[in-house]
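Data block below; observations after.
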Amino acid sequence: MRPNVFLKNALAVLIPAGLLLTGCTAAEKETAFSPHLTDSYTVQAEMTYTDGGTASLKLTRTQAEQWEAEFSEPASLSGMVLSFDGNAVSASYKGLAFTVPKSALPAKNMLVMVTEIMDAVGSQKEIPCKKQDDGTWTGSGDCSGGSYTVTFSGSGEPVALEIPSQPLYIQFTEYAACTVTEPASDTESAQTETTTSAADTTKEGTSQ
């Protein structure tokens, strides 16, 4: 085969391959993405874990490291509420309640990992993500249980979380920002009581 013919054949193969590789690199390029996660929010979570077990629960975040998980399925867990405060986990179920140190839980406790990941992601204004063909955005990182992938809608709301090493997959729906009502302080309560007493006294004097 003549050298120039061989060169033409080689270029005919290599040029399309090079364009294909360039296209893949561009498609997988990470760009800054802003998750839409308020300080306090609720979200419905559908979990699939270990050997095919599933659970449905409502996750509520009130502030950093402050979470509540209320189970609706399976039936054996329906009504159970777990509260995470950063150092310990409180559980209540059918009138029973107890608290254990967070360190006493299994190192790879799934909900502990989930809350830690969502806290970490939510604390950043922007995270590196890849845009997918369906319009969602995926970001990745590492946690105590291994690597994870978190998926957001185009508007920044959480869609899914996956930790392959567990394995654990969660689908998120019904995201909603919420307002946390702080309990009244002792001073505010005293002021309210004083105002109420003054109003009652005035009312009694008027009626006389």
Original post:
How far apart, in nm, are two points set 7 Å out from the Cα along the Cα-to-Cβ line at Ser123 and at Thr99?
Top reply: 2.3 nm
Subject >> Protection proxy ranking, peptides 122-132, 82-92, average beta carbon neighbours within 10 Å, highest first >> reply: 82-92, 122-132
Original post:
Relative to the present Cα-Cα distance, how much length would full extension add between Ser34 and Asn87 at 0.36 nm per residue of separation?
Top reply: 16.2 nm
**OP:** Would you work out if the stretch 31-177 is rounded, prolate or oblate? Take a ≥ b ≥ c from the square roots of the eigenvalues of the alpha-carbon gyration tensor; rounded if a/c is under 1.5, else prolate when a/b is larger than b/c, oblate otherwise.
**Re:** prolate
Subject >> Estimated inter-spin distance, Ser140 and Gln171, nm [label 7 Å along Cα→Cβ] >> reply: 2.3 nm
Original post:
If we count other beta carbons within 10 Å of each Cβ, what is the order of Asp51, Asp142, fewest first?
Top reply: Asp51, Asp142
Original post:
Rounded to the nearest 0.05, what FRET efficiency do Ser155 and Glu73 have when you use their Cβ-Cβ distance and R0 = 41 Å?
Top reply: 0.90
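Values in this text are rule-based calculations from the coordinates and carry no lab data. Bear in mind the structure is a predicted one, so any value in this text is a computation, not a measurement. Because the Cβ atoms are built from the backbone with ideal geometry, glycine has one as well, and the counts that use them run over all protein chains shown.
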